[in-house]
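Structure first, then comments.
We did not get these values from a lab; they are worked out from the coordinates using the rules stated. Note that this is a predicted model, so its numbers are computed, not measured. Glycine gets a Cβ as well: all are built from the backbone with ideal geometry, and neighbour counts include every protein chain shown.
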Amino acid sequence: MAIDRVISPKPIESADGGSPDADANWALRPRTIAEYVGQRELIERLSIAIEAAKSRGDALEHLLLHGPPGLGKTTLAYVVAAELGTKVYTTSGPALARGTDLVGALTRLEHGDILFIDEIHRLPIAVEEFIYPAMEDFRIDVPLDTGLNARTVQIKCKPFTLIGATTRAGLLSSPLRSRFGLAHHLRYYERPDLESILHRSSGLLGIERPEVSGLAAIAARSRGTPRIANRLLRRARDYAQVRADGLIDDAVVSRALQLEGVDELGLDDLDRAYLRTIGTVFGGGPVGLEAVAATMNEDAGTIEDVLEPYLLQIGFLARTRRGRMLTSAGADHLGPGVHAGRDASPSSGTAEDGLFRE
Ligand SMILES: Nc1ncnc2c1ncn2[C@@H]1O[C@H](COP(=O)(O)OP(=O)(O)OP(=O)(O)O)[C@@H](O)[C@H]1O
Ligand SMILES: [Mg+2]
């Protein structure tokens, strides 16, 4: 499956392993709470926790951020550190093989510093167990020798804040989950929020003629995701520069993104092919995911993780007890010859399946 889709919520990597996308996003990252757009409830609760911790002189409680990719979890970790006036050490679940991989980082942390672990659901169990005493008592047990001579030494570390980020909170073990004092879910962004993010990014990118209608057109195609919004903005900017004298209005955006196969709701060829398969080959469903995947010659897991969350979110797809179903809104979007499904059983799934609720 094409992983370099322009509407992918994950950073796009180039062939040499670099990521121009991630670099550009880095420059566009808000640095303070004041610059962080949207997620108001979360920000409100987090600001209170930050202020309270600061005034007591404590480290902030451990914080778990969960939600779909590209919504600003990593950004938020840095924003929290900036607000606390502390430093961030970053690592990720898959990068940690043994518990002792963390000894260096943990002992270097100053009071109140942040240890950011991305993709924390992919932490090996050995590392997880190593982290528990660090999270609870700011103590690490380092094994010396193995076998008969095995013993451990305890090292104290300074009170720190672990910020864990995950797209799959459902995969977190419950002992780990329960050790986070704060847990927040990031939601897809509303269009006005995406428009202000785009407005800010246009300024940072030095875009000269961003029309309100153009930014609104990009926001509508961004699937509620700032990372996608910023990427589409760069595509529109290139197109505008070469074909439209730098002007970014709705007509220019529409032409620019049509070239990329992105329609007015932010669906690309692959999304439409998936919906169309259900709506034509399977008469709208309900149909099992495996059957659709086999027909399309795609991997079922990838469809579930990559295509479905947004299609469920906008109500084009329904998950029922008996399988996937194209909704009438979805069928209308694809046009004549595509049928919506019919199913009497109540829907049993939403885009947030697999995430736990607060
Ligand atoms: N609230 C926001 N305001 C402005 N820009 C934002 C906001 N949230 C995210 N962004 C932009 O979106 C980009 C992606 O955000 P970030 O890398 O933090 O996402 P993420 O949730 O960590 O994604 P992943 O799960 O893929 O790691 C950032 O570089 C930033 O430019
Ligand atoms: Mg991230």
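Given only helices, namely DSSP H runs of n ≥ 4 each adding -39500 (n - 2.57), what is the per-residue ellipticity at 222 nm of the chain, to the nearest 500 deg cm²/dmol?
After summing the helix terms and dividing by residue count, I get -12000 deg cm²/dmol.
Return a whole-number percent for the relative contact order of the chain, with Cα pairs under 8 Å and 6 or more residues apart as the contact set.
16 percent
Residue farthest toward the positive end of the dipole of segment 127-230, with Cβ of Lys/Arg at +1 and Asp/Glu at -1: which of Ala169, Leu215, Ala134?
Checking the options against the dipole of segment 127-230, the answer is Leu215.
Taking Cα centroids, how far is segment 288-313 from segment 161-181 in Å?
26 Å
Rg and Dmax of segment 277-317 over Cα atoms: what are they, in angstrom?
Radius of gyration, then largest Cα-Cα span, for segment 277-317: 9.9, 25 Å.
Figure the gain on full extension for Glu290 and Ala27 (residue separation times 0.36 nm, minus the Cα-Cα span) and round it to one decimal in nm.
Taking Glu290 through Ala27 to full extension adds about 90.6 nm, to one decimal.
What ranking do 309-320, 63-74 get when scored by the average of other Cβ atoms within 10 Å per residue, highest first?
Highest-to-lowest ranking by the protection proxy: 63-74, 309-320.
By counting other Cβ atoms within 10 Å of each Cβ, how are Ser222, Ser47, Ser8 ranked from fewest to most?
Ordered from fewest to most neighbouring Cβ atoms within 10 Å, Ser222, Ser47, Ser8 come out as Ser47, Ser8, Ser222.
Compute the helix-to-body angle for 269-280: its Cα long axis versus the longest principal axis of the chain, expressed 0 to 90° and rounded to tens.
Rounded to the nearest ten degrees, it is 60.
Treating the Cα atoms of the chain as identical point scatterers in vacuum, please give the log10 of the normalised Debye intensity I(q)/I(0) at q = 0.06, 0.13 Å⁻¹, two decimals.
Cα-only, vacuum Debye calculation for the chain: -0.27, -1.09.
Which order results if Met296, Met325 are arranged by neighbouring Cβ count within 10 Å, fewest first?
Ascending number of Cβ neighbours within 10 Å: Met296, Met325.
Starting from the Cα of Lys87, draw a straight line to each of the lysines and keep only those under 22 Å, dropping any in the same chain fewer than 8 residues away.
Lys54, Lys73, Lys156, Lys158
For the pair Arg45 and Arg209, what calculated FRET efficiency results from E = 1/(1 + (r/R0)^6), where r is the Cβ-Cβ distance and R0 = 41 Å, to the nearest 0.05?
With a Förster radius of 41 Å, E is 0.60.
Efficiency by 1/(1 + (r/R0)^6): what FRET value for Val281 and Val103, r their Cβ-Cβ distance, R0 = 45 Å, to the nearest 0.05?
FRET efficiency, Val281 to Val103: 0.25.
Run the numbers for Ala34 and Val242: contour at 0.36 nm per residue of separation, minus the present Cα-Cα distance, in nm.
71.4 nm
Skipping prolines and chain starts, which residues have an amide H placed within reach, meaning under 5 Å, of the one on Phe116, given they are 5 or more residues away or on another chain?
For Phe116, whose amide H was placed from the backbone, the distant partners under 5 Å are Tyr89, Thr90, Thr91, Ile163.
So how much slack lies between Arg56 and Glu136, counting 0.36 nm per residue of separation and subtracting their Cα-Cα distance, in nm?
Here the answer is 26.9 nm.
Which percent, to the nearest 5, of DSSP beta bridges fully inside the chain are antiparallel?
Antiparallel: roughly 40 percent of the beta bridges in the chain.
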